[in-house]
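Remarks on the structure that follows.
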Amino acid sequence: MAQIDAFFKMLHEHGGSDLHLSSGSQPVIRLRGDLQRVKYKTLEHEELKKLLYEITPERKIKEFEETGDVDFGYEVPNMARYRVNYFMQNRGIAAAFREIPEKIMTIEELGLPPILAQLAMLPKGLVLVTGPTGSGKSTTLAAIIDYANKMRKEHIVTIEDPIEFVHQNQSCLINQREVGRDTLTFKAALRGALREDPDIILVGEMRDLETVELALEAAETGHLVFSTLHTISAPKTIDRIIEIFPGELQGQIRSSLSESLRAVVSQTLFKRIDVKGRVAVLELLLGIPSVRNLIRESKTYQINSVIETSKKRGMQTLDDEIMKLVEANVIDPNEAYNKSVNKKRFRPFMTEAPEDFTDDE
């Protein structure tokens, strides 16, 4: 057992999501969204470096010492996996650990809309799960892949950096590849995946033009492709994908995206005020014909109107879902205001000034 495992045990027992170890600071954990210092001595560079290197693969130590940044996965048996990032800062070495639960929660257990199970059963196309860092995108995707793994009899290939949730073969054959360990890059793995007889491909993150291009190609050629982006709404997700490409290619990409896009799930996490814990709020856009036409015609600014008028088909806006939770006294109106799109709608519910005064009207 590595010395650092004691910190992970503490994090796990307290129900925290993140552990921060930083030279010149006491350890810090994130508990229900807030950072809290741990009653422990201040960590110094050499001591912390020794602690961290005990769990770090040799190749990752080399990469870190060459670049000052590194990502990898670490597992404490019978407890949890951790997504790890090391970085250098002005006081020395630092590390951030995100806990990935050992058990994959189902769509039902997470309280997610049942239509997400239908997305797992699509024959082909592109499904994107988006949101800011720490919004639960990986947890939602894991639940969708888990449903497909149980209900389909096909080949699933995941490409991740690092691997987060570990899936066991159920009705599907599932192969999980980690960038840096099993393959050099997302684009190399994605190009290779097209020759590996996959039915479903999970791309951990669409980071660059070539990865986006290959993901679209895979979706167009009969595969079901899941991926993530750091965007805060469905329309902005579509704009982000198109804007990655040079101007002369954007018309072609609009056409390609309009044909392959099946859904955008955009989510945000809120702290609950009724019980301990957090709750995910989802915006849901489906790639129905009217949405495809708007993408082709460069009218993404009209997509919110389509979502509003297509609720019977399973679509939902972020603000409508936030409002339901405010009215049910599940989330704080002030946080609702800060994370909403149409802030005027939530102003009457507020009990204090907004955190971001530049958003106030």
Cβ charges +1 (Lys, Arg) and -1 (Asp, Glu), total dipole of segment 115-330, debye
540
What is the fewest-to-most order of Thr231, Thr351, Thr221 by other Cβ atoms lying within 10 Å of their Cβ?
Thr351, Thr221, Thr231
Within segment 143-157, backbone nitrogen closer than 13 Å to the virtual label 7 Å beyond the Cα of Asn175 toward Cβ
155-157
Here Rg/Rh (Cα, Kirkwood) for segment 5-101 equals 0.94
Of Asn338, Met350, Leu318, whose Cα points farthest to the positive end of the dipole of segment 306-361 (charges on the beta-carbon: +1 Lys, Arg; -1 Asp, Glu; origin at the Cα centre)?
Leu318
Which residue, Leu286, Thr228, Leu209, has the largest displacement toward the positive end of the dipole of segment 115-330 when charges sit on each Cβ (Lys, Arg +1; Asp, Glu -1)?
Leu286
Ratio to report: Rg/Rh of segment 115-330, with Cα atoms as the point set and Rh obtained by the Kirkwood method; give two decimals.
0.96
Mind giving me the nanometre distance, one decimal, between the label points for Arg191 and Leu209, set 7 Å out from Cα along Cα→Cβ?
1.5
Take His14 and Asp274, extend 7 Å from each Cα along the Cα→Cβ direction, and tell me the distance between the two endpoints in nm.
2.8
Can you list the lysines whose alpha carbon sits under 27 Å from that of Lys103, skipping same-chain ones fewer than 8 residues off?
Lys9, Lys60, Lys137, Lys150, Lys153, Lys271, Lys276
Just want the ordering: Phe226, Phe97, from fewest to most Cβ atoms lying within 10 Å of their own Cβ.
Phe97, Phe226
Counting Lys and Arg as +1 and Asp and Glu as -1, each charge on the Cβ, what is the dipole of the chain about the Cα centre in debye, to the nearest 20?
680
From the coordinates shown, Kirkwood radius over Cα pairs in Å corresponds to which of (1) 20.5; (2) 21.0; (3) 21.9:
(3)
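Every number in this text was worked out from the coordinates using simple rules, so none of it is lab data. Remember, predicted model here, so these are calculated numbers, not experimental data. Ideal geometry is used to build each Cβ from the backbone, glycine not excepted, and the neighbour counts take in all protein chains shown.
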